[in-house]
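One structure is given below, encoded as structure tokens.
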Amino acid sequence: MPFGFFRKLTGSPPAYLGIDIGTNSIKVVQLERDRGKAKLVDYAIFEATDHLERVNTALQTSALKLYDQEIADYLKLIIGKSRFIAKEVIASLPPFAVFSTVIDVPPMPPKELEQTLLFKAKQYVPLPMETVTIDWVKVGEKTAGDGTSLQQIFLVSLPNDQVQKYKRIFQLAGLNLTALEVEGFSLARALTRGDDEPVLIVDIGARSSTFLVARNGLLKSMGQSDFAGGSLTQSLASGLGINVRRAEDLKKQKGLTGLGYAPEEELSTLLLPLLDVIISEVKRVKEGYESSYQQAVKKVILTGGGANLPGIEKYFSDQLGAVIVKANPFSQMQFSPKLEPLVSNIGPLLSVAVGLALKPFV
């Protein structure tokens with residue numbers, strides 16, 4: 001049975017928590033209804049740093065390890081030190097935790113579609129069907145080369161034991177897990193609502209980068225790379241002969257400028273080759289979408305911690321020849337004026353959490 005991956009939430013409480021559990025951080029956002037619109041009540045960002053030196057200290061890993069009690073304890077600490085009052089949670093699923101693919105099928109009645117997708121899932125999902133939770137949603141339509149109409153279905157599966165782990169984590173934290181959602185859908189909802197033209201979102205996290213094309217809040221295609229923020233940090237540490245904590249600080253403070261610590265050229269030599277790998281994947285996703293949909297992608301949104309790397313917007317613009325902007329998931333909601341100076345930096349960090357909490361509002 002699907003566990004709320006794509007279902008709409010009805011009869012909703014007035015407030016929800018969007019909780020994004022990353023490899024080295026937990027981000028929490030509470031949104032509430034205010035005159036029919038979403039309003040930001042509070043947010044929290046918890047970041048662990050031990051993962052920089054020891055891989056096994058990550059909150060979760062690409063090997064699908066979730067550290068239940070530790071995460072639950074962190075959540076209780078975060079909730080206890082904040083103004084969060086909501087108990088209903090929508091939580092994120094990282095791309096490496098799920099199997100997903102887009103399947104093209106001809107139009108057909110819902111019952112026939114269900115049977116077709118269950119049959120196709122056996123061909124695509126690399127695990128026995130009885131061990132996974134499967135769900136799907138229609139994400140678009142296209143015309144095949146012979147002129148026939150096709151509907152595009154996003155199919156996702158998650159091991160059942162992972163569903164149970166998520167349920168256990170939030171139960172231990174005293175919270176009610178209402179739905180799980182793939183991060184890409186949360187990002188599409190938070191960053192592209194109202195965009196009638198396709199937008200490419202580049203989410204540079206700590207351990208992986210995700211690339212997705214979305215339009216008007218709906219995910220259209222998605223890709224992933226293991227090159228991410230942690231790769232940049234390790235490159236600086238090795239190249240400059242400094243520890244990873246100092247390298248992380250240097251990356252955040254100087255980025256592609258490098259002034260005041262080392263020659264700009266030295267930092268660029270270390271950082272740009274890895275950024276070029278990420279950009280090459282961006283180009284592949286962009287060109288794949290444009291070829292499939294016959295639509296040009298002219299705008300790129302940078303999100304995740306990597307979006308705050310100084311100088312990254314200009315470099316991406318030079319390499320891609322597109323409009324590059326930093327994510328602002330708060331652009332269509334109410335929030336305290338006190339947050340205005342912080343929006344530029346916290347927006348990319350909270351994009352997934354905001355998209356999760358927005359699910360009941362759209």
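Details
- Here residue 85 passes the criteria (1) in contact with a helix residue (DSSP H, G or I) (Cβ under 7 Å, 6 or more places away or on another chain); (2) over 28 Å from residue 219 (Cα atoms); (3) not aromatic (Phe, Trp, Tyr); (4) not in a helix (DSSP H, G or I) except the one numbered (1).
- Helices (runs of 4 or more DSSP H) contained in the stretch 261-362 and holding at least 2 residues within 20 Å of residue 189 (Cβ to Cβ) and either over 17 Å from the mean Cα position of the chain (by Cα) or touching a residue at least 60 places away in the same chain (Cβ under 8 Å) (or both): 264-293, 343-358
- Residue count for the stretch 336-362, restricted to those that are within 11 Å of residue 18 (Cβ to Cβ) and of a type in the set (Lys, Arg): 1
- Scope the stretch 37-78; condition at pLDDT 65 or above, surrounded by 15 or more Cβ atoms within 10 Å (Cβ to Cβ) and in a helix (DSSP H, G or I); matching residues: 68, 71, 72, 74, 75, 78
- Restricting 95, 107 to those that are closer than 23 Å to residue 203 by Cβ and touching a residue at least 24 places away in the same chain (Cβ under 8 Å) reduces the list to 95.
- Cβ pairs under 6 Å, 6+ apart, first in the stretch 209-220 and more than 17 Å from residue 293 (Cα to Cα) and at pLDDT below 95, second of a type in the set (A, V, I, L, M) and surrounded by fewer than 24 Cβ atoms within 10 Å (Cβ to Cβ): 209/228; 209/278
- Residue within the stretch 143-152 that is in the same structural domain as residue 218 (by TED's automatic domain parsing) and in contact with a Leu (Cβ under 6 Å, 6 or more places away or on another chain) present: yes
- Candidates 116, 178, 131, 192, filtered to the one that is at pLDDT 90 or above, farther than 19 Å from residue 218 by Cα and crowded, with 17+ Cβ neighbours inside 10 Å: 178
- Number of the exception - residue 237 against (1) within 27 Å of residue 201 (Cβ to Cβ); (2) surrounded by 17 or more Cβ atoms within 10 Å (Cβ to Cβ): (1)
- Candidates 237, 206, 173, 179, filtered to the one that is closer than 19 Å to residue 358 by Cα and among the aliphatic types (A, V, I, L, M): 179
- Counting only strands (runs of 3 or more DSSP E) that fall entirely inside the stretch 187-228 and contain at least 1 residues that are more than 17 Å from residue 281 (Cβ to Cβ) and either acidic (Asp, Glu) or assigned by TED's automatic domain parsing to the domain that holds residue 280 (or both), the qualifying elements are 209-215, 218-225.
- Long-range neighbours under 8 Å by Cβ, at least six apart or interchain, first residue under 30 Å from residue 233 (Cα atoms) within the stretch 194-207, second of a type in the set (D, E, K, R) and at pLDDT below 90: 207/226
- Set 325, 352: member being in the same structural domain as residue 90 (by TED's automatic domain parsing), in contact with a Gly (Cβ under 9 Å, 6 or more places away or on another chain) and β-branched (Val, Ile, Thr): 352
- Residue 182 being of a type in the set (Val, Ile, Thr), touching a Lys or Arg at 6+ places or on another chain (Cβ under 8 Å), assigned by TED's automatic domain parsing to the domain that holds residue 88 and closer than 29 Å to residue 91 by Cα: no
- The single condition among (1) in a helix (DSSP H, G or I); (2) under 17 Å from residue 227 (Cβ atoms) that residue 256 does not satisfy is (1).
The values are calculated or read from the model by the stated rules, or taken from the named source; none is laboratory data. Worth saying up front: this structure is predicted, and the values here are computed from it rather than measured. No Cβ is skipped: glycine too gets one built from the backbone with ideal geometry, and neighbour counts run over all protein chains shown.
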